[in-house]
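First up is the structure itself, then whatever we jot down about it.
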Amino acid sequence: MSRTEIATIGEFGLIRRLTEDIKLINESSKYGVGDDAAVLTYPSEKQVLVTTDLLMEGVHFDLIYVPLKHLGYKAAVVNFSDIYAMNGSPKQITVSLAISKRFSIEDIEEFYTGLRLACEQYQVDIVGGDTTSSLTGLAISITCIGEADKESIIYRNGAKETDLICVSGDLGAAYMGLQLLEREKSVFKGEKEVQPDFSGKEYLLERQLKPEARADIIKKLAEASIKPTAMMDISDGLSSELLHICTQSKVGCRIYEEHIPIDYQTAVMAEEFNMNLTTCALNGGEDYELLFTVPIADHEKISEMEGIKLIGHITKPEMGCALISRDGQEFELKAQGWNPLQEEKK
């Protein structure tokens, strides 16, 4: 692959090259890349949702095993996931990059290929951003703008006693994918010719490298006329997110170990690593599944929905937050998910 230094075309040349053929698809995107600011317009009956994610090389991702195309896709999708978690629809993103001299124009184009693939998939417009130089590797800051009807927005603070606790998909797979990649990285350190064997573990890698936002679940809930009382996406781990909901809703909770959805590959991998499977599912993070609560009256409807698992219920605040193990023991739920300000994660 040829390598062209970014310095040969400069910042504006790079931006032009990355964005020159972008076509806007959303009605609310009036003017995108090319001026001092993007121009957006939203109908008065809509509320505007805004979320921002900052990803740092060496903290949030490791380019030894993360392809730039996958990184671009994931960087966009994790932002879309936050908008869906508010029961909204993502419409625009702005993309800012701090780039070190290690990266060529072709590298950044590869990143943008993944980013644009995600935007096409989820019908989101790229409307602006910035690029600058970095002395410490690659930094990615993405802001996503979305919309929702005022009465449709779901916050973290609406869970009520007796509400049912639900999650979409399965948990722990992204974390096990990360463990697998880290292991292969250390095994093959310095061995350029050796190819790691990932056969039979493709699902775990996909969950880590190419997560998807659960737009499909938001659509299903709307079609079934179910409005969750509280909702979040699972980025830092089920236990951390559930405690956020309980703290902000001023309630307690009980979740049941036997009901936590776990994929077969996740279970096999946890055994291989000699890790506690439930701990991985509770605290792994990066699943980008939806965690939400619904009124008990929706029990029958929610039980019949494919891709959603009922894992527990909301209680009085004085009962605290607990996990009920398979043998009926009660353990206090602790926020042991990833905290970017306390430890390093690769």
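The values are calculated or read from the model by the stated rules, or taken from the named source; none is laboratory data. Keep in mind the model is a prediction, meaning the values are calculated, not measured. Don't worry about glycine lacking a Cβ; one is built from the backbone with ideal geometry, like all the others, and counts go over all protein chains shown. Side chains are part of the model used for accessible areas, which takes the heavy atoms of the whole protein and leaves out ligands, DNA and RNA. Shrake-Rupley method; radii C 1.70, N 1.55, O 1.52, S 1.80 Å.
Placing unit charges on each Cβ (+1 for Lys and Arg, -1 for Asp and Glu) gives the chain a dipole about its Cα centre, and among ALA230, MET56, HIS70 the Cα reaching farthest toward its positive end belongs to MET56. Projecting the Cα atoms of ILE83, THR132, VAL95 onto the charge dipole of the chain, computed from C-beta unit charges around the Cα centre, puts THR132 farthest toward the positive end.
In the chain, the DSSP beta bridges split such that about 75 percent are antiparallel, to the nearest 5.
Would you mind calculating the gained length between SER225 and THR132 on full extension (0.36 nm times residue separation, minus the Cα-Cα distance), in nm to one decimal? Kindly include the intermediate steps, with their values, before the conclusion.
On the way: separation 93, 0.36 × 93 = 33.48 nm, distance 4.60 nm.
Full extension from SER225 to THR132 adds 28.9 nm.
In terms of distances greater than 31 angstrom between alpha carbons, the cross-link table entries LYS74/LYS150; LYS30/LYS69; LYS150/LYS334; LYS69/LYS250; LYS185/LYS309; LYS46/LYS334 yield LYS150/LYS334; LYS69/LYS250; LYS185/LYS309; LYS46/LYS334.
Each of PHE12 and TYR31 was given a label point 7 Å from its Cα along the Cα-to-Cβ line. The distance between the two points is 1.7 nm. Summary value for the chain: 22 percent relative contact order, contacts being C-alpha pairs under 8 angstrom separated by 6+ residues. Amide H contacts under 5 Å for ILE262: LEU171, restricted to partners 5 or more places along the chain or on a different chain, H placed in the peptide plane at 1.01 Å from N.
Arranged from highest to lowest average of other beta-carbon atoms within 10 Å per residue, in what order do the peptides 41-47, 210-216 appear?
Listed from highest to lowest mean packing, they are 210-216, 41-47.
Taken along the Cα-to-beta-carbon direction at a fixed 7 Å, the label points for ARG183 and VAL48 span 4.8 nm. When the surface is traced with a 1.4 Å probe over the full set of protein chains, TYR65 keeps roughly 30 Å² accessible.
Average accessible surface for the stretch 239-286: 43 Å² per residue, computed with a 1.4 Å probe over protein heavy atoms with every protein chain in place. Charging the Cβ of each Asp and Glu at -1 and of each Lys and Arg at +1, and nothing else, the dipole of the stretch 1-133 about its Cα centre rounds to 120 debye. Computed from backbone phi, the HN-Hα couplings of the stretch 227-237 come to 10, x, 8, 8, 7, 8, 9, 9, 9, 9, x Hz, rounded to whole numbers (Karplus: 6.51 cos²θ - 1.76 cosθ + 1.60, θ = phi - 60°; Gly and Pro given as x). When the chain is described by a simple charge dipole with +1 on each Lys and Arg Cβ and -1 on each Asp and Glu Cβ, the residue from ALA281, GLY307, ILE22 located farthest towards its positive end is ILE22.
Only Lys, Arg, Asp and Glu carry charge here, each on its Cβ (+1 for the first two, -1 for the last two); on that basis the chain has a dipole of about 440 debye about its Cα centre. Relative to the current alpha-carbon distance between ILE22 and MET319, full extension at 0.36 nm per residue lengthens the span by 101.6 nm. Charge dipole (Cα centre; +1 on Lys/Arg Cβ, -1 on Asp/Glu Cβ; no other charges) of the stretch 255-299 amounts to roughly 100 debye. Take the Cα of PHE331, step 7 Å toward its Cβ, do the same at MET275, and the gap between the two points is 1.5 nm.
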